[in-house]
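A short worksheet on the structure shown next.
The values are calculated or read from the model by the stated rules, or taken from the named source; none is laboratory data. Quick caveat, the model's predicted, so the values are computed rather than measured. Virtual Cβ from ideal backbone geometry, glycine too; neighbours counted across all protein chains shown.
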Amino acid sequence: MNDVFVRLQKLPRHVLGYVIEDENGDCNMYINDSLTTEEQHKVYNHEMAHIQNEHFRDSRGIREIEREASM
């Protein structure tokens, strides 16, 4: 399906957000609800970069992938 579902969720403070691709090919994005609106927008943009760059299928190391998503 390739839809993106975004949810605010209570997460540990050190977890800003993450994305999980489900069995239908949809992406489920979770953003820490304790962040400010501005921080949530930054996390959203970062996680969208992972989705747009198809990092789920990328064999590079996590540091390189995270650096690319932060650009």
Unmet requirement for Ser34, which otherwise passes all of (1) surrounded by fewer than 16 Cβ atoms within 10 Å (Cβ to Cβ); (2) under 15 Å from Asp3 (Cα atoms) | (2)
Restricting region 12-31 to residues that are more than 21 Å from Asn2 (Cα to Cα) and not β-branched (Val, Ile, Thr), the one surrounded by the most Cβ atoms within 10 Å (Cβ to Cβ) turns out to be Leu16
Hey, could you check region 1-38 for residues that are modelled with pLDDT of 95 or more and basic (Lys, Arg) and say which is farthest from Ser70 (Cα to Cα)?
-> Lys10
Residue list for region 39-70, restricted to those being under 11 Å from the mean Cα position of the chain (by Cα), hydrophobic (A, V, I, L, M, F, W, C) and either exposed (fewer than 10 other Cβ atoms within 10 Å of the Cβ) or modelled with pLDDT under 85 (or both) | Phe56
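Looking only at region 2-11, count every residue that is surrounded by fewer than 11 Cβ atoms within 10 Å (Cβ to Cβ) and either of a type in the set (Val, Ile, Thr) or at positive phi (or both) and tell me the total. Show your work before the answer.
Residues of region 2-11 surrounded by fewer than 11 Cβ atoms within 10 Å (Cβ to Cβ): 2-3, 7, 10.
Checking which are either of a type in the set (Val, Ile, Thr) or at positive phi (or both) leaves us with 2.
Count: 1.
Taking region 1-19 on its own, how many of its residues are closer than 15 Å to Thr37 by Cβ and touching an Asp or Glu at 6+ places or on another chain (Cβ under 8 Å)? Lay out the reasoning, then the answer.
Of all residues in region 1-19, those closer than 15 Å to Thr37 by Cβ come to 6, 8, 16-17.
Then drop every residue that is not touching an Asp or Glu at 6+ places or on another chain (Cβ under 8 Å), which leaves 8, 16-17.
Residues in region 1-19 being closer than 15 Å to Thr37 by Cβ and touching an Asp or Glu at 6+ places or on another chain (Cβ under 8 Å): 3 in total.
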What number of residues within region 47-68 are over 19 Å from Asn28 (Cβ atoms) and either in contact with a Ser or Thr (Cβ under 7 Å, 6 or more places away or on another chain) or in a loop (DSSP other than H, G, I, E, B) (or both)?
-> 3
